[in-house]
1. Those residues that are surrounded by 13 or more Cβ atoms within 10 Å (Cβ to Cβ) and without any contact (Cβ under 8 Å) to a residue 60 or more places away in the chain, I need them from the range 91-108; list them, please.
2. Those residues that are of a type outside the set (S, T, N, Q), under 16 Å from PRO53 (Cβ atoms) and open to solvent by 50 Å² or more (accessible area, probe 1.4 Å), I need them from the range 121-146; list them, please.
3. Across the range 91-114, which residue is farthest from the chain's Cα centre (by Cα) among those that are part of a loop (DSSP other than H, G, I, E, B) and hydrophobic (A, V, I, L, M, F, W, C)?
4. State all residues of the range 66-90 that are touching a strand residue (DSSP E or B) at 6+ places or on another chain (Cβ under 7 Å) and in a loop (DSSP other than H, G, I, E, B); if no residue qualifies, say none.
Amino acid sequence: TWGGWGNSSGYVDVSPNIPTGGTWVEGYPTNWAPPTVTYGTGNFQATLTWINPPTVDLDLHLYGPNNMHVSYQNEVFGDSIFVLDRDWTSASGNAIENIYNSKGTMPSGTYQVKVNYYSGSGTNQFNCRVILNGNVIASYSGIISSGDLLIKEFTY
């Protein structure tokens, strides 16, 4: 049972304001959600979202010039020009995958953003948004049950 910090200099006795019958538990309760961490953004950003369950592992892929392929298999391309900073695998909840341009410069060429149905059972509703230079160039909502789906192809 918590009884206050005392009346020494710099501390305030808050015990009169605490409801009776409670106990003080060190740390965070186990049922609190993890802290929100902002995901990366830049002049390019592709974000894939879905809800688990059903437990499905979808993957976001970015293909581009110079044999570029950013995904769970290769989370960073080049000198961190493109980064996958969210890779959701199987936990329940609001799933998210995110690839972004961390340097502000992008190689010239053709790019493709794809969603891959990696594992699970059944179909799953998902949303994918692609932003280039502050403009949404693709906003797709659909269902996927196998294979790859091309969301957007563009030239930079």
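1. Matches in the range 91-108: ALA95, ILE96, GLU97, ASN98, ILE99, ASN101, PRO107.
2. ILE143
3. If we take residues in the range 91-114 being part of a loop (DSSP other than H, G, I, E, B) and hydrophobic (A, V, I, L, M, F, W, C), then MET106 is farthest from the chain's Cα centre (by Cα).
4. Of everything in the range 66-90, those that are touching a strand residue (DSSP E or B) at 6+ places or on another chain (Cβ under 7 Å) and in a loop (DSSP other than H, G, I, E, B) turn out to be TYR72, GLU75, ILE81, ASP87, TRP88, THR89, SER90.
The values are calculated or read from the model by the stated rules, or taken from the named source; none is laboratory data. Note that this is a predicted model, so its numbers are computed, not measured. With ideal geometry, Cβ positions are generated from the backbone for all residues, glycine too; neighbour counts draw on all protein chains shown. Heads up: the accessible areas ignore ligands, DNA and RNA and are worked out on the full protein's heavy atoms, side chains in. Shrake-Rupley method; radii C 1.70, N 1.55, O 1.52, S 1.80 Å.
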